[in-house]
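Written below as structure tokens is the structure these notes are about.
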Amino acid sequence: MSLNSAQTSPAGTPSSSTRFAGPIWTLIFLAPFIAEVLSGATRISFIFVLLPEMMVWGGGALLCRELVRRWQAGATSLLMLGLALSIAEEFIIQQTSIAPLPWPGANANYGRIWGINWIYFLFMLGFESIFVVLVPVQVTELLFPSRRKQPWLRTRGIIVTCIAFLVGCRIAWYGWTQQALKRMNIAPYHPPSLTIALGFATIALLILLAYLLRETGHSGVVSSRRPAHPWIIGIAAFVFCAPWWVLMSLVFVPRPGLPVWIPMASGIGWALMAFTTIRFLSAAQGWNDTHRWTLSFGATLLSMSSAYISTAGWLQIDLMGKAILNVLAVIGFLLLARNVWRRTDPEQLPKLQSPGCECGLNSDL
């Protein structure tokens with residue numbers, strides 16, 4: 001399936017569809033692989049669900065990235081679109097944030113107000129926007145640096161991607177709400193129409209905000225200060241991500257005396273602080289691909305590690321598969337690091353800043 005329109009090219013010159021096939025399919029694969037497989041949410045014993053996940057997460061991440069590039073926007077807009085994609089998953093597609101939580105050991109009542117699982121929903125907003133959209137897009141653009149600022153889809157490619165995304169959404173909805181829950185002896189949940197409408201309205205609002213904020217950022221004007229060492233950025237990403245998993249732990253090990261508003265307010269405050277800090281750090285003159293790599297690697301490493309908190313009931317094949325995939329992912333990141341370091345002279349960091357910061361959380365990715 002080609003995601004780009006065919007284009008006649010001179011002999012020996014790759015067509016548009018050929019030039020962009022690599023980054024397109026890489027992002028389509030990396031979005032669910034980083035978010036679902038490396039995190040342990042999708043295990044080897046049911047790896048077949050990776051295909052619809054590629055259609056939903058991969059197609060969704062690709063469409064988010066395409067809009068950002070066509071708008072000449074940056075990571076703030078991409079984050080807004082990532083949040084919109086997360087709400088589509090949580091309210092419309094699999095509806096896990098509005099249906100009573102079905103997993104054994106989960107306290108379905110803690111944090112459930114007005115028909116929404118607020119703590120679970122907040123965790124998923126942060127997790128899915130970062131690990132489905134921001135990190136996979138950044139890693140893909142590190143793999144294909146010469147095509148970083150270009151849109152990858154033409155009109156036909158956008159249409160095909162939208163169709164694949166919608167078909168994947170239907171498959172995911174049916175597979176979870178109509179089949180998986182039935183096998184768990186849980187009756188299908190029918191959310192109120194008002195809740196679904198609220199989800200659609202919030203998605204539309206976030207897309208509008210992404211467009212309105214397209215010029216928000218540094219637009220090539222960066223601070224004269226030198227950036228932090230790349231490994232400090234990686235450690236910061238790891239540290240900022242780690243407390244987020246406390247939200248999910250509250251879903252399964254609630255504190256009876258802890259009011260719901262405390263973890264909600266703390267989580268929102270922590271997310272804003274992390275966003276502001278990374279945005280500040282990435283505004284320094286000399287921020288480049290080495291920083292982008294450590295930022296992505298630090299966040300992904302935390303996500304991979306967090307899965308081992310809840311592996312008590314896993315099958316042996318899942319534990320072995322998880323360990324093997326973790327090793328392969330680290331090797332892949334290290335190979336990418338070698339390429340990034342080769343094209344980045346550490347002694348020239350301040351001189352490498354191109355017009356418009358290309359990643360972190362500034363005007364470009």
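The values are calculated or read from the model by the stated rules, or taken from the named source; none is laboratory data. Just so you know, these numbers come straight off a predicted model, no measurement behind them. As a convention, Cβ positions derive from the backbone with ideal geometry for all residues, glycine included, and neighbour counts pool all protein chains shown.
A few remarks follow.
- Exactly one residue out of R70, R65 is basic (K, R) and touching a helix residue (DSSP H, G or I) at 6+ places or on another chain (Cβ under 7 Å), and it is R65.
- The range 237-247, residues that are in contact with a Leu (Cβ under 7 Å, 6 or more places away or on another chain) and part of a helix (DSSP H, G or I): A237, F238, C241, L247
- Checking F144 against (1) surrounded by 15 or more Cβ atoms within 10 Å (Cβ to Cβ); (2) under 24 Å from F200 (Cβ atoms), the condition it does not meet: (2)
- For the range 211-221, the condition of being among the hydrophobic types (A, V, I, L, M, F, W, C), part of a helix (DSSP H, G or I), at pLDDT 90 or above and in contact with a Ser or Thr (Cβ under 7 Å, 6 or more places away or on another chain) holds for none of the residues.
- Reported count of residues in the range 175-211, each being without any contact (Cβ under 8 Å) to a residue 12 or more places away in the chain, over 20 Å from the mean Cα position of the chain (by Cα) and surrounded by 13 or more Cβ atoms within 10 Å (Cβ to Cβ), is 1.
Residue by residue, here is whether (1) crowded, with 19+ Cβ neighbours inside 10 Å; (2) touching a Leu at 6+ places or on another chain (Cβ under 9 Å); (3) within 30 Å of K149 (Cα to Cα) holds:
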| position | (1), (2), (3) |
| --- | --- |
| C64 | yes, yes, yes |
| L79 | yes, yes, yes |
| I87 | yes, yes, yes |
| I93 | yes, no, no |
| P100 | no, no, no |
| I113 | no, no, no |
| I119 | yes, yes, no |
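- Check on F29, out of contact with any Asp or Glu (no Cβ under 9 Å at 6 or more places or on another chain) and surrounded by 22 or more Cβ atoms within 10 Å (Cβ to Cβ): no
- In the set W287, W293, only one residue is within 20 Å of T76 (Cα to Cα) and not in a helix (DSSP H, G or I); that residue is W287.
- Hey, R156 farther than 26 Å from A242 by Cβ, touching a Ser or Thr at 6+ places or on another chain (Cβ under 6 Å) and in contact (Cβ under 8 Å) with a residue 24 or more places away in the chain or not: yes
- Residue match in the range 59-68 (condition: at pLDDT 90 or above, under 30 Å from A323 (Cβ atoms), touching an Asp or Glu at 6+ places or on another chain (Cβ under 8 Å) and assigned to a helix (DSSP H, G or I)): no
- Which listed residue is surrounded by fewer than 20 Cβ atoms within 10 Å (Cβ to Cβ), within 22 Å of H229 (Cβ to Cβ), modelled with pLDDT under 90 and hydroxyl-bearing (S, T, Y), from S306, S354, S310, S282: S354
- Condition check for A274: modelled with pLDDT of 90 or more and among the aliphatic types (A, V, I, L, M): yes
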